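In what follows, a structure is listed as structure tokens, so that the remarks can point back to it.
FYI, it's all coordinate maths here, none of it is from the lab. Since the model is a prediction, treat every value here as computed from it, not as a measurement. Here the Cβ is made from the backbone with ideal geometry for all residues, glycine too, and neighbour counts use every protein chain on show.
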């Protein structure tokens, strides 16, 4: 990346200044970073290193900056000049040559442009959605699904080995799943004409009626006279398997496919929960009080109170199961865990961290992302859940209405830390007001220009074979700068776990492309053939970058729109 070359120049300048005794510091340990100024007048890249070193060196930032600048090699066809601005910023001005070479790199790397190996050797497990098998995947789950899947793409793009996992809460002591089974059994008996009411606080969604109809069609009245306890157990299993099957179908239609569906019940059948509890006892992290077993979460994770591991009725709590589950993740060889939860689970973070620490693992190796709510809007009014879906808004319905691409893109528009507002009507519009349309149209526009060139019997040239030095128009250079930013944007989005940066970035590319298209025609009569070829190569480079970027978001790149 271009910033790597700039870092090398700055580090070389620091080494020279250190060798002269002007700056007293360990150059190898200096962290050098660059940012892209919003105003082109401040150069191609800016560095605040002088201000960062001021306290350490006991010198004014501008004096440090001048020392660095005085020892930087410039005027070699790559770095034109470096200027000092404000309290000590260093603004780097590059020659257009480096931008022209970006086209060659994009063409050479193609699918791999934007990727690197900075996380090579890291094994990451991302657990996300993990909705209880008691109802359809909801729109809120959809936001977590888009986030988790895209984070997986991003981390893999910078070299990590990534696995996606869905944790199925199917333990025998699951109150919710027991209630789900009882509700399904009631619906089944109702279809047989029995006067049976749903359990108190039972699941009201009419999707259970559909499952009950499937059971009735397949098995008839075979379970009508079965003892209640036996029927409850059987229908609990029916409910779980049917809902998990539906959840898998809905998520795959959304473009999300998991490497593993991990069942909580396996933790119990393999005695991993009991083993984890015994480990906590043996190492002094658990104690008995009021007939229950407690975990010292206050001591382990500064929780506001200790939490129950085993209730007085001898049933383990989710605190015990979650700790055992995360130990299982580490034992499978993952050295970095990412969990995506809803914001309403913020109180559980410390409990999980305490459990991980109590089992001898590093709690900092587990990152918890808390996603905020999703508000669906139509014509300025909030969309409410339906009775059929049990007062939730199913993700399936959203995908059927606006499409997978629009749904994923909108979920990734903003940081997961903010509430997402989803305008259904705007998401369906074929206009530049629609962010996903605008992003995809950038790819389609490039394809259209290249296709038109072929129709005119103009061979679309390779970037290595054109006179790239002819690309000197402001709009050409602006677009090239945006394309050059892509590897750094991918790295930053991955490092910050912030895929929303890419949805903003692709719209910036779209804007730069639109201005280039309007002001720098390639196929207009009278355009010099050499300039035409250079511009066509730039369209092709843009196509590659937009395609790669949309691929990371899990969004398609249409060739025609």
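Structure above, values below:
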| read-out | value |
| --- | --- |
| Projected-area mean, the chain, by convex hull of Cα positions, square nanometres | 33.4 |
| C-alpha long axis of helix 97-109 to longest principal axis of the chain, angle in ° | 40 |
| Gyration tensor (alpha-carbon) shape descriptor, the stretch 435-553, a/c threshold 1.5 | prolate |
| Relative exposure of 98, 261, judged by other C-beta atoms within 10 Å (fewest first) | 261, 98 |
| Mean-position separation - Cα centroids, the stretch 523-561 and the stretch 283-325, in angstrom | 58 |
| Relative packing of 537-544, 46-53, which averages over residues the other C-beta atoms within 10 Å, highest first | 537-544, 46-53 |
| Likely footprinting exposure, 382, 243, fewest C-beta neighbours within 10 Å first | 382, 243 |
| Debye intensity ratio I(q)/I(0), log10, the stretch 118-225, q values 0.17, 0.19 Å⁻¹ (C-alpha model) | -0.85, -0.96 |
| The stretch 151-211 versus the stretch 21-40: alpha-carbon centroid distance in Å | 54 |
| The chain - share of DSSP beta bridges that are antiparallel (%, nearest 5) | 50 |
| Kirkwood hydrodynamic radius of the stretch 273-374, Cα pairs, Å | 13.8 |
| Gyration tensor (alpha-carbon) shape descriptor, the stretch 175-241, a/c threshold 1.5 | rounded |
| Degrees separating the helix 529-553 axis from the principal Cα axis of the chain, which is the longest one | 20 |
| Crossing angle, helix 139-157 versus the chain [Cα axis fit, 0-90 degrees, rounded to tens] | 50 |
| Length-normalised contact order of the stretch 175-241 in % [C-alpha pairs under 8 Å, at least 6 apart] | 49 |
| Neighbour-count order for 556, 241, fewest beta carbons within 10 angstrom listed first | 241, 556 |
